[in-house]
Amino acid sequence: MQERDIISKIKSLENIKPESNWVSLTKENILERDDSLSSSLSRLFNKPLMTAVASFALIALLIVSAQTATPGDLLYNLKRFSEKGQMALISPENQQEYNLLLANRRLDEVSELITRNEIEKLSAAIDELEKMKSKIQRDFAQSIESKPKEEAVEIARNFAPSILEIEDKEELLIGSLGVRAEDEISSSAAKDLASLLIDDLKNRSLTEKDEELLESAIEYFENGNYRTSLRTLLGIGQEREISEEALEEEDTEEDIEDEDN
């Protein structure tokens, strides 16, 4: 086909007109899609939805801001509310760990008030700390209530250092202000833990050194020095555990030497 023939056929296409029915149908489809898009955008950006989104964003911002609040601040109740909400999501086996986390937050609040010299708010902060410690004690008692004695004792030994750490921090913060005597902060949690460990150790075969430690722990306990008693009890058996670890290390070293030979 010659070039002029090709050009002639292309020009003849200009005379082809679409049928009127096709034009009408296509136009309606385009307008329907446009209306659908406009309707979707309208629903997406309507005023109630935007108001809800803005409200949610404001609440989230307030909750984040409330995390640094201390007793007496406007946002403190919101902070406690958010903590209760989180607590509802914590599994029972992780409840004690979360309680300890909250107790340390209460200690941080006390520390913050002391740093800011807001002594007038300190009483409320200490009350919040004591409430948290009481909850820790109740939850711990429930956690070992149905456990065999050996398992309960093991839980107590693992739990005790955290209690001592919290109360040592409390004594350091509060005792320095002269609000409370520095010698011994009364602790029901430490008392219960020490009592459980004493009853268990009385029925165990102990070394001479551990027997002496147990006698000292009992004396501290009877005098009301529960934290000192508990700290002494945790030292019982440490020497034996260290010896066992040393033996295991020696066995490992001997095995390595045998392999090298």
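What follows is calculated from the coordinates using simple rules that are stated; it is not laboratory data. As the structure is a computational prediction, the values presented were derived from the model and not from experiment. Neighbour counts are summed over all protein chains in view; Cβ atoms, including those assigned to glycine, are modelled from backbone coordinates with ideal geometry.
When the listed pairs Lys135/Lys202; Lys84/Lys147; Lys121/Lys149 are checked against a 31 Å cut-off, the alpha-carbon distance exceeds it for Lys121/Lys149.
For segment 192-243, what does the convex hull of the Cα positions come to per residue, in cubic angstrom?
On the way: hull volume 3.4 nm³, N = 52.
For segment 192-243, the hull spanned by Cα atoms encloses 65 Å³ per residue.
Note on Asn117 and Phe81: with the Förster distance fixed at 22 Å, the Cβ-Cβ geometry gives a FRET efficiency of about 0.20. Between the amide H of Gly237 and any residue lying 5 or more places away or on another chain, no distance stays under 5 Å, with hydrogens modeled in the peptide plane.
Give me the extension gain from Glu151 to Ser216: residue separation times 0.36 nm, minus the current Cα-Cα distance, reported in nm with one decimal.
Numbers: separation 65, 0.36 × 65 = 23.40 nm, distance 2.48 nm.
Answer, rounded to one decimal: 20.9 nm.
The listed peptides 152-158, 111-117, ordered by packing as a protection proxy, come out as 152-158, 111-117 (highest mean of other Cβ atoms within 10 Å first).
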